[in-house]
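> Input: one structure, supplied below.
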Amino acid sequence: MNAASTSPLELAAARYGKTATDLTPLGAFESDVYAFAADGGEAILKVISPSHRTPAAVQAEVDWLLALVAEGVPVAAPLRSSAGRHVELVPGADGPTVLVAFRRAPGALSRPGDWTPLRLESWGALLGRLQAHSRGWRPPGPCRGTLLEQTYLARAAEICGADEELAAAATALLERARPWLDGSGDAGLVHADLHHGNVLLHGEEWTAIDFDDCAYGSYAFDLAMPLYYAVRAEAAREADAVAAEFLPPLLTGLRRHAPLPAGGAEALAVCLEARQAELYLAIKHKLPPERWNESTRR
């Protein structure tokens, strides 16, 4: 295969013994995601821009996933390439594109109507298992950065442009949220995005997927994320009512494996506010206004 005349996607597929036509696009936002048939079942391939994650960051993600798999925690298991590597690189003009593949986890995405108290408790138990593992684990190779280093709040001035008022508000919020994002205090390596779009429900059990945002930060932030998106998923209802149903069983499950995060309701409130702001900034940075819809404007 002549790399100079071969498309990047063809090169990526070849790393796993496939052609570009073997890959089924599943969507793209911060990475391009594809499904393909692998030995032993379906698999997922992520094609990651060098501007989004470095090879070392992806290797650190894979190292944690492999450790979680070894402990029996239900997560999407990394797959090796044809060359036996968990992380592959494809040369590009702006730096190497990073490739990583996973065994496709069983189950499907869920909706609020699926969230019975027992299922929420099981979801919380999965979050607790991730946090418990994080509290006692040390990476064997490269380390992920902190939530502070990867938050869009830190790039507010660049993203907001001439909107100085918005940039100033984002900067002030960043200072309030800093203790929960900088990896200090009650903190460790966290998934940081374990909402209902990143857990698959199979029967009564959940599997955690998409560790792309994992970073060192507070366990309170980690807990706030499923709550934030649960409230967004039921936008027609009062946020307090959604939280009153969602949080208690989630916390019951979490406490089976890990302590409640430090900071209590105050920490959750700051983390929720930070996520709201950084989601807006991420969309503003990634999507032109003409591609915004009602969901992105909320």
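Here, each number is a calculation from the coordinates, and none is a lab measurement. Everything quoted here is computed from the prediction, not taken from an experiment. Every residue, glycine as well, gets a Cβ built from its backbone with ideal geometry; the counts of neighbours run over all protein chains shown.
> With a 10 Å radius around each residue's Cβ, average the other Cβ atoms per peptide and rank 213-225, 140-152, highest first.
Details: 213-225: 25.5, 140-152: 18.3.
For the peptides 213-225, 140-152, the packing ranking is 213-225, 140-152.
> Need one number: nm distance between label points at Glu71 and Ser184, each 7 Å from Cα along Cα→Cβ, rounded to one decimal.
2.6 nm
> Could you tell me which of rounded, prolate or oblate describes region 16-103, using a ≥ b ≥ c as the square roots of the eigenvalues of the alpha-carbon gyration tensor, with rounded for a/c under 1.5 and, failing that, prolate when a/b is larger than b/c and oblate otherwise?
Judged from the Cα gyration tensor, region 16-103 comes out oblate (a/c at least 1.5, b/c at or above a/b).
> Just in region 167-221: which GluC sites (Glu not before Pro) are loop by DSSP and have at most 12 other Cβ atoms within 10 Å? Please report the intermediate quantities before stating the final value.
Numbers: sites: Glu175, Glu204, Glu205; in loops: Glu204.
Qualifying residues, ordered by number: Glu204.
> Let me ask something additional. What's the exposure ranking of Thr171, Thr19, going from fewest to most Cβ atoms within 10 Å?
Numbers: Thr171 14, Thr19 11.
Least crowded to most crowded, the residues run Thr19, Thr171.
> Sticking with this structure for a sec: According to a simple spin-label model (label point 7 Å from Cα along Cα-to-Cβ), what is the distance in nm between His202 and Glu165?
Spacing of the two 7 Å Cα→Cβ label points: 5.1 nm.
> Let me ask something additional. Here are several values of Rg and Dmax of the Cα atoms in Å: (i) 20.8, 67; (ii) 19.4, 59; (iii) 23.2, 99. Which one was derived from the coordinates shown?
Comparing each candidate, only (ii) matches the computed number.
> Taking Cα centroids, how far is region 144-216 from region 1-65 in Å?
Centre-to-centre (Cα) distance: 24 Å.
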